[in-house]
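This report concerns only the one structure given below.
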Amino acid sequence: MKKFFAGMLVLLFALIVVRPAATEAASARVDTRTGKVDVYISNQDKGSFKFEVRQGKQVRTYDVYKGKNHFNVNYGNGDYTFTLYQSSDGKRYKRVYRLQKTVRLVHSTAPYLHSTQNVSIDSATSRLASSLSRSSYSTSTQTLVTSRHVNRLIDYDDKKIMKLSSTYLPNNADTLRTKRGICYDFASLNAALLRAQGIPTRLVMGTAKGVDGYHAWNEVFVNGKWRVIDVTRDVTERRTTTYRSASDYRATLYD
């Protein structure tokens with residue numbers, strides 16, 4: 001896993017910024033209360049694109065593609081700069097769009113309730129989430145019911161990791177169809193199912209005690225605090241999913 005997730009944890013390119021182009025074909029929209037960020041790339045735009053989210057010294061950079069791309073803000077309240085870069089050769093990038101916004105979230109968990117690039121709430125995910133939801137359940141019970149369903153439904157694919165590039169993104173519809181995945185797929189699907197039920201859930205990347213290399217898991221906001229859920233390890237260790245000790249995990253990225 002280390003080779004793949006290393007590409008997710010550091011910026012693998014140096015932005016060589018040249019003079020901004022005079023174009024408004026690409027754009028971004030930010031909801032400053034929910035932390036939702038939408039980036040649009042038109043079909044007429046050529047080349048490859050990177051999207052940068054910056055707040056002070058904290059920076060995240062993403063690959064973006066034709067059509068609508070969905071992200072969230074991960075650094076809480078504050079002044080943000082959102083910048084879109086375009087390249088024709090994959091090496092030299094020019095700034096084509098820049099937006100500055102002050103984010104004041106309605107709640108600190110708000111960014112972790114909507115669909116994003118790597119936690120996609122598609123129609124298949126929404127249907128499954130609806131079938132698992134019960135109004136009589138507490139947030140904790142609903143979290144465990146959903147996570148345990150993923151545990152029973154999806155098998156770990158130990159060969160898939162060898163075939164992936166560092167730009168791989170989970171596809172929850174495919175995971176549900178094949179019923180196989182790696183830790184990134186488990187964490188994405190579980191987060192999407194819980195978010196679709198109105199439960200704030202993070203997809204977290206970093207390292208974990210007892211896991212070789214980089215790893216992905218979930219943090220779920222339950223009873224006023226973030227609780228760790230790691231369905232991947234529960235599947236590989238043949239355990240019933242429950243909350244794990246946060247002290248065994250070290251987060252590097254949140255989505």
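The table for this structure:
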quantity	calculated
Near pairs, Cβ below 6 angstrom, 6+ apart or cross-chain, from the range 227-243 (more than 14 Å from VAL211 (Cβ to Cβ)) to any residue that is assigned to a helix (DSSP H, G or I)	ILE229/SER147; THR241/SER147; THR241/ARG148; THR241/ASN151; THR241/VAL231; THR241/ASP234
Candidate set: the range 25-52, residues that are part of a loop (DSSP other than H, G, I, E, B) and of a type in the set (A, V, I, L, M, F, W, C); chosen: the one nearest to ARG195 (Cα to Cα)	ALA26
Test result for ILE154, closer than 16 Å to LYS179 by Cβ, at pLDDT 95 or above and β-branched (Val, Ile, Thr)	yes
Number of the condition not met by SER87 [criteria: (1) surrounded by 18 or more Cβ atoms within 10 Å (Cβ to Cβ); (2) among the small types (Gly, Ala, Ser); (3) modelled with pLDDT under 95; (4) closer than 29 Å to ALA196 by Cβ]	(4)
From SER147, SER136, residue being in the same structural domain as TYR214 (by TED's automatic domain parsing), within 29 Å of GLU237 (Cα to Cα) and either at pLDDT below 95 or of a type in the set (Gly, Ala, Ser) (or both)	SER147
Failed condition for ARG238, given (1) outside any loop (DSSP other than H, G, I, E, B); (2) out of contact with any helix residue (DSSP H, G or I) (no Cβ under 9 Å at 6 or more places or on another chain)	(1)
Every residue from the range 48-103 that is closer than 14 Å to ALA26 by Cβ and of a type in the set (Val, Ile, Thr)	VAL64, THR83, VAL96
Residue count for the range 214-226, restricted to those that are loosely packed, with under 14 Cβ neighbours inside 10 Å and touching a residue at least 24 places away in the same chain (Cβ under 8 Å)	1
Every pair of residues 6+ apart whose Cβ atoms lie under 7 Å, when the first sits in the range 119-142 and is surrounded by 12 or more Cβ atoms within 10 Å (Cβ to Cβ) while the second is β-branched (Val, Ile, Thr)	LEU132/VAL145; LEU132/THR146; TYR137/VAL145; THR139/ILE199; THR139/VAL222; SER140/VAL222; GLN142/ILE199
Positions within the range 89-147 being touching a strand residue (DSSP E or B) at 6+ places or on another chain (Cβ under 9 Å) and among the aromatic types (Phe, Trp, Tyr), in sequence order	TYR93, TYR97, TYR112
Complete set of residues in the range 53-71 that are farther than 19 Å from ASP89 by Cβ, part of a strand (DSSP E or B) and of a type outside the set (Val, Ile, Thr)	ARG54, GLN55, GLN58, ARG60, TYR62, GLY67, LYS68, ASN69, HIS70, PHE71
Helices (runs of 4 or more DSSP H) enclosed by the range 86-183 - at least 3 residues per element that are of a type in the set (Ser, Thr, Tyr)	123-132, 139-153
Contacts under 6 angstrom Cβ, first residue in the range 79-93 being aliphatic (A, V, I, L, M), partner outside any strand (DSSP E or B), 6 or more apart	LEU84/ALA26
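The values are calculated or read from the model by the stated rules, or taken from the named source; none is laboratory data. Since the model is a prediction, treat every value here as computed from it, not as a measurement. Because the Cβ atoms are built from the backbone with ideal geometry, glycine has one as well, and the counts that use them run over all protein chains shown.
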